[in-house]
Amino acid sequence: MSKNIEDRVEDPKEMQEQKNQEEGNEKIVIFPSLSKRNNNEKRHVGETSDPCFLIQQLGRDISIHCLLLLSRSDYGSIAALNTSFRSLIRSGELYQLRRKMRIIEHWVYFSCEALKWEAFDPNRGRWMQLPKMICDEYFMLSDKESLAIGTELLVFGKELMAPKIYKYSLLTNMWSVGKMLNTPRCLFASASFGGIGILAGGCDMRGNILSSAELYNSDTGKWETLPNMNKARKMCSGVFMDGKFYVVGGIAADKITQLTCGEEFDMTTKEWREIPNMFSIRNEVLERPPPSGSPPLIAVVKNVLYAADYSQQEVKKYVKGNNSWVTIGGFPQQANSMNGWGLAFRACGDKLVFIGGHSLYDGGMLEINAWVPDENAPHWNRLATKKSRNFVYNCTVMGC
């Protein structure tokens, strides 16, 4: 073997040819651009002969490791390089590996117009438009709710005779009809954690207030019925905190009582625990039906629960030790709402985010303000502005 190598090296002409070939290979290591024929079939520019080698000469494992470290903002461009990259992105394998490695980027998804959804990447300050949702007029005009789970955005609404769910996939950049809940509902509490999401409470199509709950697994696309809460409620809100799912606030089954208690669902034991006075309000029982205010505006950052009190324009923090709330500061200056409607208050990674806008009389401007919670009063930083003559109808955060 060594004798053959020595014989080859002694030939200057072969040495020069080998050098030229090696230099040519170096130029195409990352993304080959040579057009070749294989079995009389012309290959597209940029295609590799073996889909296992996403980045030529690095191998599949190292290629994937490199891609995991990129921002998911770049994945759309990478998918356009060739079929191997496109298949990898659409398979969801990268996002599953990112989840295991705890590489997560949070984007805000929101809708200010019927059927039109946009995304905002707070890390790069980029706006992105989703494809227009294709649905009938009844769904378009219906009240809708939304939740991002894994790499999917679920939008809940109603057609003429029945409820419907539309699902946007980040992997394919397309809308499709999603699988219906076991018990269709609206005005529910919801939250997601990784690839799962939980919906609890709400009311059915006949107006009955529910205590039931369901879990959605984005990997399987299936709904699982969970044990019932201790109390039926609608117009409530949900969050994940310390690995458990919480439901707070809402209106009780009598459609008059405003609930101050919260409920905690243990993901391991599959049991609910009631927490008295977790979300205190002015009166527990009203003489007439409650005003049409929004469900509680709550968010969790680093396992700390925050609430946006729209009536007082104050941000409050929940103290777990004594089951109480303390006021820590005010809203951003331009965070306007109609009894809480039209204003989004969300956790986006390590930030608390307000998505709302100026009055329509001021020309209409959507603002995204963020603050990374610390021991000081909130200092809101304006991340972006955008012209909009509408309030925020729906908003959710996708972390993947």
- request: For Asp254 paired with Asp219, estimate the spin-label separation in nm (one decimal), with each label point 7 Å from Cα along the Cα-to-Cβ line.
  value: 4.5
task: For Ile134, Ile64, write out the residues from largest to smallest accessible area, computed with a 1.4 angstrom probe and no ligands counted.
output: Ile134, Ile64
query: Tell me, what % of the accessible area of segment 52-132 is carbon and sulfur with a 1.4 angstrom probe?
result: 51
task: Would you mind giving the three semi-axes, in whole Å and largest first, of the ellipsoid equivalent to segment 207-340 according to its Cα gyration tensor?
output: 25, 19, 15
Gained length - Met338 relative to Val326, 0.36 nm times residue gap less alpha-carbon distance: 1.9 nm
query: Rg to Rh ratio, segment 77-140, alpha-carbon atoms and Kirkwood radius?
result: 1.06
message: With every protein chain kept in place and ligands, DNA and RNA left out, what is the accessible area per residue of segment 147-300? Probe 1.4 Å, answer in Å².
response: 44
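Got a sec? What order do Asp309, Asp121, Asp374 fall in by accessible area at 1.4 Å, biggest, i.e. largest, first?
Descending accessible area places them as Asp374, Asp309, Asp121.
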query: Which of the peptides 245-251, 167-173, 183-189 is most tightly packed, and how do the rest follow, going by the mean number of other Cβ atoms within 10 Å of each residue?
result: 245-251, 183-189, 167-173
query: Over 27 Å between Cα atoms, which of Lys167/Lys231; Lys158/Lys317; Lys179/Lys234; Lys234/Lys387; Lys167/Lys244; Lys116/Lys302 qualify?
result: Lys167/Lys231; Lys158/Lys317; Lys234/Lys387; Lys116/Lys302
- request: Whenever you get a sec, line up Trp127, Trp107 from highest to lowest accessible area (probe 1.4 Å, protein heavy atoms).
  value: Trp127, Trp107
task: Evaluate 2.2 N^0.38 Å with N set to the residue count of segment 137-182, then give the Cα radius of gyration divided by it.
output: 1.13
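In square nanometres and to one decimal, what's the mean projected area of the convex hull around the Cα atoms of segment 292-400?
The Cα convex hull of segment 292-400, projected and averaged over all directions, gives 7.4 nm².
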message: Taking all protein chains in place and a 1.4 Å probe, what share, in percent, of the accessible surface of segment 299-364 do carbon and sulfur account for?
response: 47
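The values are calculated or read from the model by the stated rules, or taken from the named source; none is laboratory data. What you see is a predicted model; the values in this text were computed from it and never measured. All Cβ positions, even for glycine, are placed from backbone atoms using ideal geometry, and neighbour counts span all protein chains on display. Only protein heavy atoms, including side chains, enter the accessible area calculation; ligands, DNA and RNA are left aside. Shrake-Rupley method; radii C 1.70, N 1.55, O 1.52, S 1.80 Å.
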